[in-house]
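The values are calculated or read from the model by the stated rules, or taken from the named source; none is laboratory data. Just so you know, these numbers come straight off a predicted model, no measurement behind them. With ideal geometry, Cβ positions are generated from the backbone for all residues, glycine too; neighbour counts draw on all protein chains shown. Quick note on the areas: whole protein, heavy atoms, side chains included, nothing else; ligands and nucleic acids left out. Shrake-Rupley method; radii C 1.70, N 1.55, O 1.52, S 1.80 Å.
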Amino acid sequence: MGWRIRDRATFEALRRHGRRSRRGHITVTFVGTDDDSGPRVAYAVGKRVGGAVVRNQLRRRLRAVVAEASPPFVPGAYLVAAGREAAGLSYEDLKAQVTAAMTSASRGRRP
């Protein structure tokens, strides 16, 4: 999943109309689209998580988790936000929380 969200309109749609799901220390906001362009993902890791090194490491781990996720995610925009304690999770726990939150947030949409 290499498609990134960069446009302001998508972020605004996520804020206004997004469906949220929280699993552990991960929150995912989802907005579906009508086209089949595939899933697009953005990551939010705030300063409360830690310094720049910690935030960048967590962001890289999140990207890796989403890239290797086994269930096919429905097309749309996903915003994956990490809480403070997410930096201390093992890779498997992080993967389980991200996958569960993304699946739950997009539930009800076609696969």
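What is region 48-111 by shape, rounded, prolate or oblate, if you read a ≥ b ≥ c off the alpha carbon gyration tensor as root eigenvalues and call it rounded for a/c under 1.5, prolate for a/b larger than b/c, and oblate otherwise?
In terms of gyration-tensor shape, prolate.
Considering only protein heavy atoms and a probe of 1.4 Å, how much of the accessible area of the chain is carbon and sulfur, as a whole percent?
50
In the chain, what % of DSSP beta bridges are antiparallel (nearest 5)?
Percentage antiparallel, nearest 5: 60.
Considering the chain as a Gaussian network with a 10 Å cut-off on Cα pairs, which listed residue, Arg19, Arg60, Arg40, attains the greatest mean-square fluctuation?
Maximum among the listed residues: Arg60.
Using the heavy atoms of the protein chains alone and a 1.4 angstrom probe, what is the accessible area of the chain per residue in square angstrom?
So the chain comes to 58 Å² accessible per residue, rounded to a whole number.
What does the extension gain come out to for Ala44 and Arg16, with contour length at 0.36 nm per residue minus their alpha carbon separation?
Gain on extension, Ala44 to Arg16, equals 8.4 nm.
Using only DSSP helix segments of four residues or longer, with each worth -39500 (n - 2.57), what per-residue ellipticity at 222 nm results for the chain after dividing by its residue count and rounding to 500?
That calculation yields -12000 deg cm²/dmol at 222 nm.
Heavy-atom accessible area of Glu92 with all protein chains present, probe 1.4 Å, nearest 10 Å²?
The accessible area of Glu92 comes to roughly 120 Å².
Based on the Cβ-Cβ distance of Ser37 and Glu85, what FRET efficiency does E = 1/(1 + (r/R0)^6) give at R0 = 25 Å, to the nearest 0.05?
Details: r = 33 Å, r/R0 = 1.33.
Result of the calculation: an efficiency of 0.15.
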